[in-house]
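Every read-out reported here was derived from the displayed coordinates using simple, explicitly stated rules and does not represent laboratory data. Treat the numbers as computed from the prediction; the structure is a model and nothing was measured. Backbone-built Cβ (ideal geometry, glycine too); neighbour counts: all protein chains shown.
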Amino acid sequence: MLIPVSISISVVIFMIVHLLPGDPIDNLIRVGSSPDDRARLIAKYGLDQPLFTQYFRWIAAMFQGDFGDAIVLRRPVADLIAQNLPYSLQLGGLAFAFSSIVGIIFGTISAVTRSAAVANFMRGFILLGSTVPGFWLALLMILFFAVRLQWFPVSGARGWESLVLPVLTIGFGGVALVARVTRVALMDVRREDFVVLLHAKGLSSTSILMRHLLPHAMLPVVTILALRIGWILGGAVTVEFVFGRPGLGSLLIRALGQRDYPVVQACLLMLALAVMIGTLVGDVAQAAMDPRVREAKK
Amino acid sequence: MTSISSAVLGLRKTAVSRAFGSWLGRIAGGFLILLVLTAIFAPWIIPFDYAKQDLMNGNAPPGWPHLLGTDQFGRDVLSRVIYGARTSLSVSATAISISVSVGMALGAAAGYFGGFFERAVMTVVDLTWSFPDILIALIFVAIIGPGLTSTTFAIAIAYLAQFTRLTRAQIVRLKGETFIEATINLGAKPSHILLKHLLPNAIAPVIVVGMLAIGDGIVLEATLGFFGLGAQPPTPSWGAMMSSGTAQLFLSPWVIIFPGVAVAVTVIAVNLFGDELIRALDIRDRIKGA
């Protein structure tokens, strides 16, 4: 399944970029250069070959770790990716960890609490987190924490302080999502017969929650988290832009504006790869956690 | 098609009135009605011309006569937020209508005919489904160029997968029901079965999810506008207002705060009312199954 999907994704990414209007050569050419210079540049980047040939060249080169040269930035794309990827991974990884941990805690609290005030607060938080646009939240955070209180820097990527606000911004939506899924999963499991039996056996509510309910409820949470890796990267695109951080998202947006095909292709491919790895990890984790899935696959 | 529209009409009469039953549904629904009316009558409501510049009076804080202040060009923020509702709502609603109609047609055909066609459609749909909506929209705006039309299509394409999947799931579920088998055995044509029996039964969850998606569409429109890819000046849209406001973030934060509040409150109202509709129609399981 993974191989046909990767092939179709690579074809789609390759084709989409060639449908973009505008020509990167126009960005490169200097005033006063002759049509000959233009033809030489086109030949140099292989843009005169049939699309089919360009595609196979591109794929073959990629397997050797060669993403081509960025046409406008005039550097190997692999270098640009290597330079920006760590920032995105750092931000994405932290945001992911933050969303999972805080989300599961919040979801559990909202599922087991008997206090109406706490339940309403959680419901409001989940609603806000899943509706408020990320970039607006980022701007409000900058306004309040960076300008008014001056606790954190406004932008850039120097030191851990500059990570706090971006992680909180992406995490806010993630926490709401994970909390919602955890809450629903816990409510569903709680109605099962075996839980009634556990209560009848006289186990304490806490040990039922920790040893029986939570492991059960983690299944849909893990699935959603794995599927959401791509969405966290998508959130990182806007948040990197607002906070002026380097990363795949800022690189992609800049390259889209400059019509720098190789960079756009490589960025999209990286994001697609992350999405696919996420789905795969989700499937494996589910099989590892759930004997029912394991048996069904045999 | 008459039975589809009567199904929609029936849905509106019973479920909407039930969704208005709870106080949350009443507040959210009432707000949405008010908002749509404001958007329609915006040209007659706005206190100032939304495009009129008054450079001597730029970056004025909220007060009188500019209740929500003015932006860097001295334009009235309140008027622009009100007029922006027109842009944001119409772009999102148009986009989602396209998305729902095309998605329903594709999903119904895929679910009903099956075979190679279904596999081809679902492969493409699953492909776009795994990508974040903002990325899909960004790519399509990059292809067609910035502007409100391309924003509309970008949003429509970003949410197409959702409605195709949902409709297909409904059709596949319904196809196994006895009454459909009976109709087939009575010799009904495929078009008759699809239009008279399958779609009317499948439409409720699709319409409700479509309504919820209008909220997502508003956020996506605002995000594209924020990147400068949506509405072009001087047309006010909530996203574009925030985009031009970032330069003045420290000087006049109200230019960013109020359009954002408008987006947030609208999307929250859409979500609350959508939830009430789902509860009123009792279709939570049918939506989750897709």
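Just a few scattered comments:
- The phi torsions of the range A:127-140, fed into the Karplus equation with coefficients 6.51, -1.76 and 1.60 and a -60° offset, translate into couplings of 4, 4, x, 8, 10, 5, x, x, 5, 5, 4, 4, 5, 4 Hz, rounded to whole numbers, with Gly and Pro shown as x.
- Site pair residue A:123 and residue A:57 shows an inter-label distance of 6.1 nm when each label is modelled 7 Å from Cα along Cα→Cβ.
- Aspartates and glutamates whose Cα lies under 13 Å from that of residue A:201, excluding same-chain neighbours fewer than 8 positions away: A:193
- Separation of the range B:167-239 and the range B:268-288, taken as the distance between their Cα centroids, equals 15 angstrom.
- Percent of alpha-carbon pairs separated by more than 34 Å within the protein assembly as shown: 48
- The amide H of residue A:69, built 1.01 Å from its N in the peptide plane, has A:77 as neighbours under 5 Å, considering only residues 5 or more places off or on other chains.
- Distance between modelled label sites at residue B:116 and residue A:40, nm, 7 Å Cα→Cβ extension: 5.0
- The separation of the range A:56-100 from the range A:229-274, counted between C-alpha centres, amounts to 9 Å.
- Applied to the range B:185-202, the Karplus parametrisation 6.51 cos²θ - 1.76 cosθ + 1.60 on θ = phi - 60° returns per-residue 3J(HN,Hα) values of 5, 6, x, 6, 6, x, 5, 5, 4, 5, 7, 8, 10, 6, 4, x, 7, 8 Hz, with x for Gly and Pro.
- Computed from the C-beta positions of residue B:144 and residue A:191 and an R0 of 45 Å, the FRET efficiency is 0.35 to the nearest 0.05.
- Rounded to the nearest 0.05, the FRET efficiency derived from the C-beta distance between residue B:250 and residue B:177 at R0 = 60 Å is 0.45.
- Spin-label proximity, residue A:161 to the range A:133-151 - amide N less than 16 Å from point 7 Å beyond Cα toward beta carbon: A:142-151
- Relative contact order %, the range A:80-296, counting alpha carbon pairs below 8 Å whose residues are six or more apart: 27
- Annotation: extensible slack from residue B:44 through residue B:279 equals 80.9 nm (criterion: 0.36 nm per residue apart, minus Cα-Cα distance).
- Where the alpha-carbon atoms of the range B:135-230 are placed on the principal axes, they occupy 57, 23, 17 Å, in descending order.
- Across the alpha-carbon set of the range A:72-157, the Rg to Rh ratio works out to 1.13, Rh being the Kirkwood radius.
- Label-point separation in nm, residue B:189 to residue B:27, each point 7 Å along Cα→Cβ: 5.2
- Here the Karplus relation 6.51 cos²θ - 1.76 cosθ + 1.60, evaluated at θ = phi - 60°, turns the backbone of the range A:111-116 into coupling constants of 7, 9, 5, 9, 7, 5 Hz, with x for every Gly and Pro.
- Neighbours of residue B:96 by Cβ distance under 11 Å: Lys/Arg scored +1, Asp/Glu scored -1, total -2.
- Think of chain B as a dipole: +1 on every Lys or Arg Cβ, -1 on every Asp or Glu Cβ, centred on the Cα centre; then among B:232, B:161, B:198, B:198 lies furthest on the positive end.
- Under-5 Å amide H pairs with residue B:232, H placed in peptide plane, nonlocal only: B:148
- Cα gyration tensor, chain A - rounded (a/c under 1.5), prolate or oblate: oblate
- Two-decimal log10 I(q)/I(0) for the range A:232-291, as the Debye equation yields it once each C-alpha is a single scatterer, q = 0.13, 0.24 Å⁻¹: -0.44, -0.92
- Prolate/oblate/rounded call for the range B:81-142, Cα gyration tensor, a/c under 1.5 rounded: oblate
- With 5 Å bins from 0: P(r) over chain B, alpha-carbon pairs, percent: 1, 6, 11, 14, 15, 14, 12, 10, 7, 5, 3, 2, 1, 0, 0, 0
- Shape class of the range A:157-294 from the Cα gyration tensor (axes a ≥ b ≥ c, square roots of the eigenvalues): prolate, since a/c reaches 1.5 or more and a/b is larger than b/c.
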